[in-house]
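The values are calculated or read from the model by the stated rules, or taken from the named source; none is laboratory data. In this text, all values refer to a predicted model and were calculated from it rather than measured experimentally. Cβ sites come from the backbone with ideal geometry, for glycine too, and all protein chains shown count toward neighbours. Ligands, DNA and RNA are excluded from the accessible area calculation, which covers all protein heavy atoms including side chains. Shrake-Rupley method; radii C 1.70, N 1.55, O 1.52, S 1.80 Å.
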Amino acid sequence: MIRCIPVLILVLIARFSFAQENIDVLHYRFHITVNDANDSIYGNAKIKFRVNEKKPVIALDLVNRDKDGKGMQAISVTYSNRSQTEIFKHENDILYIPSRHNKGDEAEVVINYKGIPANGLVISKNKYGNRTFFADNWPNRGHHWLPCNEDPADKASVEFIVRAPQHYQVIGNGIQVEETNLPGGLKETHWKEEVPVSTKVMAIGIAEFAVQLAGIVDGCIPVYSWVYPEDRDQGFYDYGQAVEILPYFIKHIGPYPYKKLANVESKTMFGGLENANTIFYSEQSITGTRKSESLLAHEISHQWFGNMATEKSFAHLWLSEGFATYLTILYMEHKYGKDTAQAMLVEDREQVIAFTIVNNSPVIDNNTDYMELLNANSYQKGSWVLHMLRRELGDSVFWKSLRLFYTRYAGKTALTEDYRKLLEEISGKNLEKFFRQWLYTPGLPRLNINWKYDQKHQKVLVSVKQEKTVFEFPLEIGLKDANGKLTVTKFMITKATENFTIPVKQKPRQLVADPATSLLFSGNVSEIK
């Protein structure tokens, strides 16, 4: 009882001043028990961590029970090297645990808990009425059912040991270590991921599945399809495309970082969720027509950008979502040609234009409602930034930058400025202004382009006026003659109003702004009679 008083005082102080960066989680080992009678789960978490800064308490994220009885209840807390139970405090969705450790120490804490997840672990029925359990942690919902340090920058290896009724199969991150039938109609399944990952992409799926080995890539990477038994034929056909997609990214970015790839039909709020090597797709992703190819490419590319090379904070989400969006376009360009890629870019540009009309935020956005960051800025505009960099620097430099960025930050975290400096290192160009206007400034160029043919002097007079924010960028102007031949001239736009002349012997049939789809802009073209 004497120890309780100072610990409680310290906990109250910690509520207002604690920074969770004082620990670095090294490994999670979660024992999870589920049942068919109700939605309660029982958990045992062993969390190994290193102390970055000596403090009297450590704090882990874990949602408290609410008035409806949903949430988690911590039952006991002990350190692995101590038999005595610790006096802890669980309030305001934080589990506070006394610490006697010095900077640099490693320790392992064991937490027993139970509860009904209100979020993070989706316990429901699938489209066929069968009961399922699927982790849905992104972006910071893992603490609804797992005690953890829910920071994308704190990566750790993870194990899931799941005890469930025998009729279920269990998929999880990493490699399956064990599957054992137990007395009482139960089964225990153990998955282990040795590569450190963020909690946002840690996952288990518990359901009745049909499972197929779709193929082996590079002689050592098994690619699996996990689908509901009712979707067996169509699902295996649709998800089988992963065997073609994976080698493309290995060739162009670098070695695949995990020991398997599983594509899983699931219950998730997202179309696809890039869990490390265990990707979850919505139930609507299977059609038997392979229409989800771009979705698979997007989520598979995340295994490099988002999972291994991770944004240090969600404000820089474009480093994963923008990269995955553009890498998908590059894959589709590789497979189907430039026309397909150009059509995707045009569609994405329209989405950015529509978004900026109602939202005046930059791509680098400190909005703490992370779900709101799942928008056209993070995806389509981020992708367009990469496309414009590719146009500016050339294919060779661009691809080199992707490979080096991945190599340098694989297993680590990065900020936007890290990518800018790397690009400058490779290209020898100062890109500070480019990054500032496209990523840190809201909106995009809004152009009014007027043109008139001067018959007497045989030239086209072009006027380019920007509305609101003034951007600097190269603008390609194409003149189409009577036979449909297109002649393109590039101009550098640096002011609110720019006037140019293009010598041409006959009046063009049409002026086309940005004919090669190289610029993110909105605007209109008008001929002055």
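Strands (runs of 3 or more DSSP E) fully within the range 155-233 that include at least 3 residues being within 21 Å of G411 (Cβ to Cβ) and under 23 Å from the mean Cα position of the chain (by Cα): 156-165, 186-197. Within the range 218-238, take every residue that is touching a residue at least 40 places away in the same chain (Cβ under 8 Å) and closer than 14 Å to Y258 by Cα and give me the one that is surrounded by the most Cβ atoms within 10 Å (Cβ to Cβ). Of everything passing the filter in the range 218-238, V223 is surrounded by the most Cβ atoms within 10 Å (Cβ to Cβ). Contact map, the range 36-57: residues that are closer than 21 Å to E91 by Cβ and without any contact (Cβ under 8 Å) to a residue 60 or more places away in the chain paired with residues that are open to solvent by less than 30 Å² (accessible area, probe 1.4 Å) and not in a strand (DSSP E or B), Cβ distance under 7 Å, separation 6+ or inter-chain. Pairs shown: K55/N22; K55/S99; P56/S99; V57/V11; V57/A14; V57/S99.
Scanning the range 138-170 for residues that are in contact with a Ser or Thr (Cβ under 6 Å, 6 or more places away or on another chain), of a type outside the set (K, R) and crowded, with 22+ Cβ neighbours inside 10 Å yields G142, C148, E150, P152, V162, V170.
Among the residues of the range 118-170, those that are closer than 23 Å to T310 by Cα and without any contact (Cβ under 8 Å) to a residue 60 or more places away in the chain comprise G120, R141. Just to verify a result, which residue in the range 74-98, among those that are open to solvent by 60 Å² or more (accessible area, probe 1.4 Å) and out of contact with any strand residue (DSSP E or B) (no Cβ under 6 Å at 6 or more places or on another chain), is modelled with the lowest pLDDT? Among those residues, the one meeting the criterion is S83. The test for being in contact with a helix residue (DSSP H, G or I) (Cβ under 7 Å, 6 or more places away or on another chain), open to solvent by 10 Å² or more (accessible area, probe 1.4 Å) and touching a residue at least 60 places away in the same chain (Cβ under 8 Å) holds for H316.
Search the range 346-359 for residues that are within 19 Å of I329 (Cβ to Cβ) and open to solvent by less than 80 Å² (accessible area, probe 1.4 Å) and pair each with any residue that is at pLDDT 95 or above and of a type in the set (V, I, T) when their beta-carbon atoms are under 7 Å apart and the residues are at least 6 apart or on different chains. So the pair list comes out as V346/T517. Considered as a group, the residues in the range 516-528 that are of a type outside the set (A, V, I, L, M) and surrounded by fewer than 15 Cβ atoms within 10 Å (Cβ to Cβ) include one that is nearest to the chain's Cα centre (by Cα), and that residue is N524. Applying a threshold of 8 Å to beta carbon distances and a minimum spacing of six or more residues, or different chains, the list of pairs starting in the range 99-114 at a residue that is open to solvent by 30 Å² or more (accessible area, probe 1.4 Å) and ending at one that is outside any loop (DSSP other than H, G, I, E, B) and of a type in the set (K, R) reads G104/R50; D105/R50; E106/K48; E106/R50; E108/K46; E108/K48.
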